[in-house]
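J.: Before anything else, here's the structure in question.
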Amino acid sequence: MTEAPPPPYVVLAEFETAERLLAAVRTIRQRGFDRIDAFTPFPIEGLSDALGLRDDKVPRAMLVGGFLGAVAGFMMQVGTNLDFPLWIGGRPLIAVPAFMLITFEILVLGAVLAGIGTMFAANRLPRLNHPLFDGDRFDLSAEDRFFLAIFPDKGFDRDAAGKALAALSPAAIIDVPGKPKL
């Protein structure tokens, strides 16, 4: 008894133009494939909307990081002034206008660090090799070709995905194996 072959890591379709890729993304989404992505040599207007990308993790993390940074910067100065009071020229011990410069600097630092950390986590970086790199002709996505990728999920049917992609008349349909080549 033979086992069914494991599903591929991804099924790629290669297109020659950005317009054909954009039309293909819309068609594939209408056919019910949700786990898709596109790889292009340059940004294409409307592609993010067609792919359904609505990720706001990084801006939210930056907002939280900025808020926490501002609070930490302000409280650091308040704590320092309360621990080591210097009564100078009648200035109050907690001089809010004087604290704003450092508060702002730490706000920016907190927002930037939170944004970078979230971006690295969301993109699963650092990753030195990705299974997509093993796909035939995928290196052309950096030059002049456009690729649509369908990632398998529960109930993935390779034949249905292949037929849906073949109906779009791509230049090539490429299965990328589940495990990267060594």
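J.: What residue, among those in segment 53-110 that are in contact with a helix residue (DSSP H, G or I) (Cβ under 8 Å, 6 or more places away or on another chain) and among the acidic types (Asp, Glu), is modelled with the lowest pLDDT?
T.: Filtering segment 53-110 for residues that are in contact with a helix residue (DSSP H, G or I) (Cβ under 8 Å, 6 or more places away or on another chain) and among the acidic types (Asp, Glu), the one modelled with the lowest pLDDT comes out as Asp55.
J.: Now for a different question. Considering each residue of segment 142-160, count those that are surrounded by 12 or more Cβ atoms within 10 Å (Cβ to Cβ) and either at positive phi or in contact with a helix residue (DSSP H, G or I) (Cβ under 9 Å, 6 or more places away or on another chain) (or both), and give that number.
T.: Filtering segment 142-160 for residues surrounded by 12 or more Cβ atoms within 10 Å (Cβ to Cβ) gives 145-152, 156, 158, 160.
If we keep only those that are either at positive phi or in contact with a helix residue (DSSP H, G or I) (Cβ under 9 Å, 6 or more places away or on another chain) (or both) too, we end up with 145-150, 152.
Counting residues in segment 142-160 that are surrounded by 12 or more Cβ atoms within 10 Å (Cβ to Cβ) and either at positive phi or in contact with a helix residue (DSSP H, G or I) (Cβ under 9 Å, 6 or more places away or on another chain) (or both) gives 7.
J.: While we're on this one: Do we have any residue at all in segment 131-139 that's surrounded by fewer than 12 Cβ atoms within 10 Å (Cβ to Cβ), part of a loop (DSSP other than H, G, I, E, B) and of a type outside the set (A, V, I, L, M, F, W, C)?
T.: Scanning segment 131-139 turns up no residue that is surrounded by fewer than 12 Cβ atoms within 10 Å (Cβ to Cβ), part of a loop (DSSP other than H, G, I, E, B) and of a type outside the set (A, V, I, L, M, F, W, C).
J.: Take Leu101 and decide whether it is under 22 Å from Leu63 (Cβ atoms) and assigned to a helix (DSSP H, G or I).
T.: Judged against the criteria, Leu101 is a match.
J.: Do you know which residues across segment 62-92 are on the phi < 0 side of the Ramachandran plot and not hydrophobic (A, V, I, L, M, F, W, C)?
T.: Gly65, Gly66, Gly69, Gly73, Gln77, Gly79, Thr80, Asn81, Asp83, Pro85, Arg91, Pro92
J.: Can you confirm whether Thr118 is over 28 Å from Ala171 (Cα atoms), assigned to a helix (DSSP H, G or I), under 18 Å from the mean Cα position of the chain (by Cα) and modelled with pLDDT of 95 or more?
T.: Numbers: over 28 Å from Ala171 (Cα atoms): yes; assigned to a helix (DSSP H, G or I): yes; under 18 Å from the mean Cα position of the chain (by Cα): yes; modelled with pLDDT of 95 or more: yes.
The answer is yes for Thr118.
The values are calculated or read from the model by the stated rules, or taken from the named source; none is laboratory data. Just so it is clear, the model here is predicted, and its values are computed rather than measured. Because the Cβ atoms are built from the backbone with ideal geometry, glycine has one as well, and the counts that use them run over all protein chains shown.
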